[in-house]
1. Express in nm, to one decimal, how much length is gained between residue 323 and residue 15 on full extension, taking 0.36 nm for each residue of separation and deducting their alpha carbon distance.
2. Nearest 5 percent is fine: what portion of the DSSP beta bridges confined to the chain is antiparallel?
3. Using alpha carbons only, how many degrees (0 to 90, rounded to 10) separate the axis of helix 188-199 from the longest principal axis of the chain?
4. For a protection proxy built on the mean count of beta-carbon atoms within 10 angstrom, sort 276-285, 93-102 highest first, please.
5. Compute the angle between helix 155-171 and the longest alpha-carbon principal axis of the chain, please, reported from 0 to 90 degrees and rounded to the nearest 10.
6. Can you give the helix-only mean residue ellipticity at 222 nm for the chain, where every DSSP H stretch with n ≥ 4 adds -39500 (n - 2.57) and the sum goes over all residues, rounded to the nearest 500 deg cm²/dmol?
7. Using Cα atoms only, what is the angle between the long axis of helix 308-322 and the major principal axis of the chain, expressed in degrees (0 to 90) to the nearest 10?
8. Ignoring ligands, DNA and RNA, please state the percent of accessible area on region 121-271 from carbon and sulfur, probe 1.4 Å.
Amino acid sequence: MALFDLPLDELRGYRSRSVEPEDFDAFWSATLDEARAHELDARFERRTDSGLSTVEVHDVTFAGFGGHPVKGWFVIPAGITEPVPLVVEYIGYGGGRALPHSHLLWASAGLAHFVMDTRGQGSGWAPGDTPDPEGSGPSLPGFMTRGIEDPSTYYYRRLITDAVRAVEAARSHPLADASRTASFGASQGGGLALAVGGLVPDLAAVVPDVPFLCDFPRATRLTDRMPYREIGDYLKTHRGRSERVDRTLAYFDGVHFAARGRAPALFSAALEDQTCPPSTVFAAFNAYAHPVKEIEVYDFNDHEGGGPFQQAVQLDRLPRLLRG
């Protein structure tokens, strides 16, 4: 696919037309207060059957939205005795936490690594272990339209709440340095990393890689690739509900979380990305509030973005941000 979105010079000045709800902060404050009424109950169970000798693995369970149990992996360099910087990672659409040996990069770099499982997902390309006990009204197969006609019932209200609670759970481990924490992820994981960056005030870094869940008004009308197309297909059947759906999505738009970003950020975008169009990524980047922010651009790549090249950039820059 050749370039289909705005040229790079226009992307650098592009701004979303997503309208922030007046009660955006109140909505999220009430949502997180409701979640925190439940004990976090973070439990770390040492795994000795991973077959890994250079890292130590813990199977984690903590209370997310509604007090529902959410799984995760906590992976740290073997033999450490003092707290180390922490990376909290979120998974791409359809995937779950998979197996511990899938997550060796950050512990190999000397950091603590917490990987949050994704409620209800984990059957598309990597297995997961966390159900979503909450129901919703009629929806298209997938997750984008579950409860989409009301912010209080929308699937991503639950998932973003889980993501915030995952930071709290990860920070509770004695070998995680809470003062040096980064939110990290690609695609859906990048959107969650951005949301956490807007909701957790004291992160040290935010690393959204080709982030999903940004600039919904443009994304849902520009690309016909899944998962954004799930929303269009829903509205194709449920005619006349676009305004109601747009109102819901505004509470979950990465652009509005970016406007509250209070930590240095490292983004990436790919100019041939039809899954997360580059204009939607730049919408969040351009809105990002913290003055220290960078974006790596991959001009001939689709949603794979920079792949291992972007990982090399992250390995170079993120530890320096976390270590001050």
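The values are calculated or read from the model by the stated rules, or taken from the named source; none is laboratory data. What you are looking at is a predicted structure, and each value in this text was computed from that prediction instead of being measured. Using ideal geometry, Cβ is built from the backbone for each residue, glycine included, and neighbour counts are taken over all protein chains shown. What goes into the accessible areas is simple: the full protein's heavy atoms, side chains included, and nothing from ligands, DNA or RNA. Shrake-Rupley method; radii C 1.70, N 1.55, O 1.52, S 1.80 Å.
1. Length gained, residue 323 through residue 15: 107.6 nm.
2. Bridges in the chain are about 45 percent antiparallel.
3. With rounding to tens, the tilt is 80 degrees.
4. Packing proxy ranking, top to bottom: 276-285, 93-102.
5. 20 degrees
6. -9500 deg cm²/dmol
7. That works out to roughly 70 degrees.
8. Numbers: 2490 of 4950 Å².
Of the solvent-accessible surface of region 121-271, carbon and sulfur hold 50 percent.
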